[in-house]
């Protein structure tokens, strides 16, 4: 029995770890994880990688090493095709940085296939966005932003030293969701640390951060009260928050709004929405929704092929709202975590000739962290009042606990405690910001 999992994000890696320990180690099944990267970084923290407050080299999980410990195998590759008749997937040739072929195109056969390839930014076909904006879908994109940020801060500090320049570094973020809001706060904290580590001439007045949001408020997933509180905190930090502002196009370093206003920026980040990866469009005969997610049944199997499961951001799963209306499971890390648990249990049930269990989504709320300044959120489930708004240290603690839960699912209690301890030690022996 061979189970192939494509995508090593939050859900895919947790699933591979579970099946590796329960099936792979006992040689009941061969578990194969396929991903185009060598390492895993929890996607909700990519804004911290971009700002430099999280070092991806230190905090990532190496797929090969983790596979060796957990009873599954890892293969490097990018999904480009699916043949359901032959029960195999096609992987693109593996190239190095110079375009030289390391491995040719390959075919991987499966008995059960799990698609966990996540999501990518949705540019909504706005002209110039794909060519001129930075996305934060992958670690390499976050690292590109960070390298540019470091160089821009160094150059600005030198300019101020030589000619007493009043020029500002302007970072424009299109999208007022969690990624945009959290990145904006991280940038102000990064400016403070850069000043502490030798770039003394860069003051608050030399950094400008703008959030451009098409809707009437920030963070539509949270309550209006929390949205307003977050907006007030960002304004207090110095963020230029522009609501009800539609972007018509992006040309070079210029954002052009629907009213014709031109907004110049040194870096432009697009964080205005997500969709399933375009590769899913190549798979004929599979139902997709408007976000290009693959439609799955209550057991998270594709409606057209029960040997294929989908989970996380690439899976379109319909659930009932509290009002009894159909709605899609939101593309969040907590959704991927819960889906991975259901898919893992159902695959094991299939091998044991037991009935499958339907997926039940539990919304535990939403949290947003404004770097080390403060945090806001709404916790749900298991509370006497149904939900509870939190902010400050309590919200920050809940935010950090989400990452620890992900680490727990991957590493177990012992290794997670060691990782947490190592993180605390690094606060004393390493810079608080990645400086290169």
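Numbers at a glance
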read-out	value
Qualifying positions in the range 310-332 - part of a loop (DSSP other than H, G, I, E, B) and within 20 Å of residue 118 (Cβ to Cβ)	311, 317, 329, 330, 331, 332
Any hit, the range 55-73, residues being touching a strand residue (DSSP E or B) at 6+ places or on another chain (Cβ under 9 Å), in contact (Cβ under 8 Å) with a residue 40 or more places away in the chain, under 25 Å from residue 173 (Cα atoms) and assigned to a helix (DSSP H, G or I)	yes
Unique match (being at pLDDT 90 or above, on the phi < 0 side of the Ramachandran plot and in a strand (DSSP E or B)) among 341, 369, 335	369
In the range 99-135, the residues that are on the phi < 0 side of the Ramachandran plot, assigned to a loop (DSSP other than H, G, I, E, B) and out of contact with any strand residue (DSSP E or B) (no Cβ under 7 Å at 6 or more places or on another chain)	100, 104
Checklist (1) under 24 Å from the mean Cα position of the chain (by Cα); (2) assigned to a loop (DSSP other than H, G, I, E, B) applied to residue 260, failing item	(1)
Matching residues, the range 344-363, being under 30 Å from residue 221 (Cα atoms) and in a loop (DSSP other than H, G, I, E, B)	357, 358, 359, 360, 361, 362, 363
Residue in the range 80-90 that is surrounded by fewer than 21 Cβ atoms within 10 Å (Cβ to Cβ), touching a helix residue (DSSP H, G or I) at 6+ places or on another chain (Cβ under 9 Å), under 22 Å from residue 337 (Cα atoms) and in contact (Cβ under 8 Å) with a residue 24 or more places away in the chain present	no
Criterion violated by residue 307 - all others in (1) assigned to a loop (DSSP other than H, G, I, E, B); (2) within 20 Å of residue 284 (Cα to Cα) satisfied	(1)
Pick from the range 140-179, criterion outside any helix (DSSP H, G or I) and in contact with a helix residue (DSSP H, G or I) (Cβ under 8 Å, 6 or more places away or on another chain), ranking: nearest to residue 273 (Cα to Cα)	174
Number of the condition not met by residue 305 [criteria: (1) closer than 22 Å to residue 91 by Cβ; (2) in contact with a strand residue (DSSP E or B) (Cβ under 6 Å, 6 or more places away or on another chain); (3) modelled with pLDDT of 95 or more; (4) surrounded by fewer than 23 Cβ atoms within 10 Å (Cβ to Cβ)]	(2)
Residue tally, condition closer than 24 Å to residue 191 by Cβ and either assigned to a loop (DSSP other than H, G, I, E, B) or in the same structural domain as residue 376 (by TED's automatic domain parsing) (or both), over the range 214-242	4
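A quick yes/no check of all residues on (1) within 30 Å of residue 432 (Cβ to Cβ); (2) without any contact (Cβ under 8 Å) to a residue 24 or more places away in the chain; (3) surrounded by 12 or more Cβ atoms within 10 Å (Cβ to Cβ):
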| position | (1), (2), (3) |
| --- | --- |
| 215 | no, no, yes |
| 238 | yes, no, yes |
| 244 | no, no, no |
| 260 | no, yes, no |
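The values are calculated or read from the model by the stated rules, or taken from the named source; none is laboratory data. Everything numeric here is computed off the predicted structure, so don't read it as measured data. Note: ideal-geometry Cβ built from the backbone for every residue, glycine included; neighbour counts use all protein chains shown.
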